[in-house]
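The values are calculated or read from the model by the stated rules, or taken from the named source; none is laboratory data. Note that the structure is a prediction, hence the values are computed from the model and not measured. Cβ placement follows ideal geometry from the backbone for every residue including glycine, while neighbour counts extend to all protein chains displayed. We work out accessible area using only protein heavy atoms, side chains counted, and drop any ligands, DNA or RNA first. Shrake-Rupley method; radii C 1.70, N 1.55, O 1.52, S 1.80 Å.
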Amino acid sequence: MLFTSISFLYYFLPIVIILYFIVPKKFKNFILFLSSIFFYFCGEPIYTFLMIGEIFIAYVGARYLEKHRKKSILVSLLAIHIGALGLFKYSDFTINNINQIFGSKIPLLKLALPIGISFYTFQIISYVVDVYRGKVKAQKSFLKLATYVSLFPQLIAGPIVRYETIEKELDSRTSNFENFAYGVRRFVIGLGKKVLIANMLGELCDVFSTTNEKSILFYWIFAISYSLQIYFDFSAYSDMAIGLGRMFGFHFLENFNYPYISKSITEFWRRWHMSLSSWFRDYVYIPLGGNRKGTIILVRNIFIVWALTGIWHGANWTFVIWGLMFGIMLII
C-alpha cells in the first residue's frame with residue numbers, strides 16, 4: 001500500500017485517524033501498532049511474521065542486555081538481525097559471486113526481499129546498541145517497542161528513526177490542532193512532490209530509456225531529470241512520513257536539507273538522507289575509531305563506511321563501486 005494510492009488516502013488513513021483520536025489515550029499505541037501491522041500485511045503477508053519475530057527478539061534481548069551488559073549478548077543480537085537482513089537481501093548476490101569465482105553451480109535461493117527490512121533492521125540495531133551503551137533504557141512494554149519499529153509512516157521508505165528520538169513520545173505525546181495541521185501540510189507537500197514532480201520526471205526518464213533517438217541535449221535533459229527525480233521521490237516520502245508522524249504526535253527528524261545547493265561532497269552527505277549518514281557515523285565510523293587514530297585508520301574507516309553505504313542501497317557491485325567512489329572523493 002503506497003502513500004499515493006487511493007486505498008491509502010481514501011480508506012486506510014482516514015479510518016486510522018478517526019480510530020486514533022476517538023480511543024482513550026492508553027489505547028492509542030495499540031491502534032497505531034495494529035494499523036501498522038495491517039499496512040505491512042497488505043504488502044508482505046508472510047514477512048509480517050518475520051518483522052514481529054525480529055521485534056520480539058530485540059525486546060527480549062535488549063532487556064537481558066540491560067541487565068547483564070555483556071558484549072557477547074550484543075554481538076549475538078546484532079548477528080541475528082544483520083544475519084536476517086543478509087539472508088534476504090544478499091544471499092543470491094553472495095552465491096552468484098561464489099559461482100563466478102570458483103565455477104561452482106550453487107543454486108540461488110531466490111528469496112523475495114521483505115519491504116522495509118533495511119530500515120527496520122537499522123532501527124532495531126540502533127535501539128539495541130543504545131541500550132548496551134546505556135544511552136536509553138530497555139523498553140519494558142512490547143507494544144511500545146513494536147509500535148516504534150513498525151510505525152507505518154516511516155516503515156517502508158524511512159527516515160531511519162532512532163528510538164531515543166521518540167522514546168518519550170511513545171509514553172506521552174501531544175495531539176493538538178497545531179501538530180495535526182502541520183502534519184497535514186507537510187504530508188500534502190510530500191504528496192505533491194511525489195505525484196506532480198517525481199512521477200512526471202520518471203515518465204520523461206522512461207521515454208529516454210525506450211527511445212532510440214537520443215541527442216546530446218536529450219542526454220543532458222535525462223541526467224538532470226533523473227537527478228531531480230531521485231531527490232523529489234525520496235524526499236517526498238520523507239516529507240509524507242514526517243507529516244504523518246506529526247499528525248499522531250511524533251516528531252521525526254529531518255532527512256533532507258536542500259542537498260543540491262551543497263558546495264562539497266562532504267556537505268552533500270550532511271544534507272542528503274541525513275538519517276542514514278548519521279546512522280553510519282554513530283554506529284560504524286565512530287566505533288571503528290573515526291578520525292582519532294591517524295590517517296591510515298581514517299582512510300580505512302571511510303572506505304568501510306562507504307562500501308557498506310553502497311551495499312546497503314542494493315545487492316550489486318555497481319552500488320559498492322558507487323559507495324567507494326564517494327569514499328575516494330571524501331578522502332581527496
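So here's what we get for this one:
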read-out	value
Test item: Cα-centred dipole of region 42-118, Lys/Arg +1 and Asp/Glu -1 on Cβ, debye	340
Heavy-atom surface of the chain, accessible at 1.4 Å and reported per residue (Å²)	52
Within the accessible area of the chain (1.4 Å probe), percent carbon and sulfur	68
Of the DSSP H helices in the chain, those whose Cα atoms cover at least 18 Å axially and whose Kyte score averages 1.0 or more	28-43, 295-313, 317-331
For region 151-175 and region 78-118, distance of Cα centres in Å	30
Student exercise, the chain dipole from Lys, Arg, Asp, Glu Cβ charges, in Debye to nearest 20	1220
Only Lys, Arg (+1) and Asp, Glu (-1) charged, at Cβ; region 89-186 dipole about Cα centre in debye	80
Region 225-280 versus region 299-322: alpha-carbon centroid distance in Å	20
Relative contact order of region 144-241, defined on C-alpha pairs under 8 angstrom at six or more residues apart (%)	43
Cβ-based charge dipole, the chain, positive-most Cα from 73, 319, 298	73
